[in-house]
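Student: First, the structure itself, so that you have it in front of you.
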Amino acid sequence: MKNKKLRHTHRTNILTFFARIPAFIYLLPIPILQNILFNPSGFWEHITSYVLSIIMFFAVGGAAAADYRTKRYRIFPERTYIRKGIFFRSRFNIPYDRLQSVIIQSSPFTALFSAVKVQLNTPATKAKKGDADFYLSKTNAKQLIGEIYDDIGFIRRHYRAGNAKIFFMAAIWSNPVSGLLIISPFINNTGKVVGEELQNQLIESFDLSKYLVYIGVPPTAAFIAYILIFCYAVSVCADFVRNANFTCTSYQNGLVIKRGIIKHTLFFTNRTKLNAITLNQSIFMMPFRLHSAYIYTVGSGKAKGDRSLLIAAEKKNSVKHLLSLLFEDLDLNFPFTIKPVRKALGAYLRLPVFLLTVEMALCLSLLKLNIFRSITAAFMFFSVPTLIVWCFFRANAFSKSALSLNDRYVYLRSYRRITLKSTIIPIGKIQLCVKRVNFFQSRTKTCNIKIYIYGEKRTFVEIKHLSESDADKFINCINN
């Protein structure tokens with residue numbers, strides 16, 4: 001017999017209807033209106049394509065309406081019930097104690113419907129999408145959070161990062177390539193939307209590269225510099241808008257992270273669900289001696305909008321102090337520490353030194369033979385300092401790499417690409433510890449240690465070139 005309580009399910013917010021409609025559907029009526037207004041005589045020539053566009057428009061709208069009418073939910077004291085599907089009905093019963101995190105998003109568009117987007121993440125969640133993703137009214141969303149985190153208790157600590165610091169952090173960690181990826185669809189389709197003539201006028205009016213040419217910069221270099229600067233600015237602005245008004249509130253048993261200007265995001269998780277805390281210092285943050293802290297838990301990865309940020313750019317001592325305030329039971333005293341062997345410095349520097357040597361030999365040969373002298377000189381001017389900086393970074397990474405242990409946590413300091421990473425992992429959250437020995441390490445009796453932590457993907461942290469005997473001691477300690 002069906003549970004009578006389940007008969008009193010509620011529909012999700014009407015915004016669910018609009019969320020199910022792809023954005024391109026709204027563009028289908030535009031060419032029809034253009035022909036009616038500006039070319040009424042040629043309307044009947046394209047009647048077939050117009051009919052198909054109208055059919056597609058109403059078909060997608062009808063499917064969205066059917067999905068909205070069939071989607072139901074009900075909030076219980078210990079679980080959430082969700083039903084959805086048009087032809088294939090799916091029913092979800094999600095116990096609250098299985099939730100890793102809850103994400104609530106609001107934007108100016110959702111505010112028109114007095115709604116928010118709710119995403120529930122469990123250990124079975126997908127990398128880019130939660131187990132449940134639906135829209136609720138603000139009142140029902142508050143009710144849901146109250147049922148899930150009813151034992152959060154009173155506020156213990158509150159951390160707020162100023163917007164000036166968030167902007168500075170975005171300026172030193174932003175990747176110009178990400179800005180280029182953001183604007184590439186608009187660049188590609190500009191000619192189709194506004195026409196080639198208007199496109200050329202826009203490019204001429206906004207092209208700052210010609211001013212670089214006036215001061216003596218070659219045209220090709222000026223154009224490339226203009227693209228990089230513009231994309232860098234786009235990336236910085238996107239990161240700032242995403243992370244502005246950042247606050248982190250620690251409750252008795254939980255953590256709430258708030259961020260965003262246009263799209264406001266609230267990230268809820270229980271402190272027992274945290275799988276690791278990482279302190280990152282990119283090569284651009286080193287001159288300022290700044291670090292940022294991040295958390296690892298399901299629903300907090302970059303695939304979900306980079307909601308893993310915990311502490312913005314701060315000095316290392318300040319980061320550790322804030323961590324001790326947000327997590328009062330965090331023990332950062334580590335009596336057991338091992339470091340890579342001294343002779344491993346050569347292994348850390350092998351790749352950048354090899355590339356630097358090959359490049360210098362090749363470029364000097366071309367210069368001596370008087371082949372592509374200008375291009376070779378320009379290439380050396382940019383690449384040689386970069387490789388030298390990379391060598392210094394690897395040497396610094398070697399000096400700071402270490403693996404520490406106490407009764408509750410593992411503290412691993414290593415590097416990845418051009419970022420120094422310090423990761424604090426609860427021993428109970430370690431999923432797998434792998435000791436790896438390659439052909440060259442077998443001769444020097446060294447090894448690498450990989451520690452896998454729980455997340456949406458196979459996430460691991462690694463330290464290289466440890467003594468095998470020290471690595472065996474570490475593995476025995478965490479097993480005991």
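All of the numbers you see were taken from the coordinates with simple rules; none came from a lab. Please read all numbers here as calculations on a predicted model, not as lab measurements. Here Cβ is always computed from backbone atoms with ideal geometry, including for glycine, and neighbour counts include all displayed protein chains.
Student: How much FRET efficiency would the formula 1/(1 + (r/R0)^6) give for Asp133 and Asp97, where r is the Cβ-Cβ distance and R0 is 22 Å, rounded to 0.05?
Tutor: 0.60
Student: Any chance you could run the full-extension gain for Thr247 through Ala124? It's 0.36 nm times the residue separation minus the Cα-Cα distance, nm to one decimal.
Tutor: 41.5 nm
Student: Also, quick follow-up: Quick one: order Lys71, Lys473 by neighbouring beta-carbon count within 10 Å, fewest to most.
Tutor: Final ranking by Cβ density, sparse to dense: Lys473, Lys71.
Student: In what sequence do Ser324, Ser282 fall when counting other Cβ within 10 Å, fewest first?
Tutor: Arranged by neighbour count, lowest to highest, Ser324, Ser282 become Ser324, Ser282.
Student: Given the C-alpha centroids of region 256-275 and region 59-103, what is the distance between them in whole angstrom?
Tutor: 22 Å
Student: DSSP loop (so not H, G, I, E, B), at most 14 other Cβ within 10 Å: list which chymotrypsin sites (Phe, Trp or Tyr not before Pro) in region 356-404 pass both filters.
Tutor: Qualifying residues, ordered by number: Phe372.
Student: Which of the peptides 361-367, 271-277 is most tightly packed, and how do the rest follow, judged by the mean count of other Cβ atoms within 10 Å per residue?
Tutor: Order by mean packing, descending: 271-277, 361-367.
Student: Please arrange Ile229, Ile453, Ile86 by counting, for each residue, the other beta carbons lying within 10 Å of its beta carbon, fewest first.
Tutor: Ile86, Ile229, Ile453
Student: May I ask for the net charge around Asn406, where only other residues with Cβ less than 13 Å from the Cβ of Asn406 are counted and Lys, Arg are +1 while Asp, Glu are -1?
Tutor: With Lys, Arg at +1 and Asp, Glu at -1, the neighbours total -2.
Student: Only sites in a loop by DSSP and with at most 16 other Cβ atoms within 10 Å count here; which trypsin sites (Lys or Arg not before Pro) in region 354-448 make the cut?
Tutor: Of the trypsin sites (Lys or Arg not before Pro), the ones in loops of region 354-448 whose Cβ has at most 16 other Cβ atoms within 10 Å are Arg408, Arg417, Lys445.
Student: Alpha carbon centre of region 332-373 versus region 455-480: separation in Å?
Tutor: Centre-to-centre distance over Cα atoms comes out at 26 Å.
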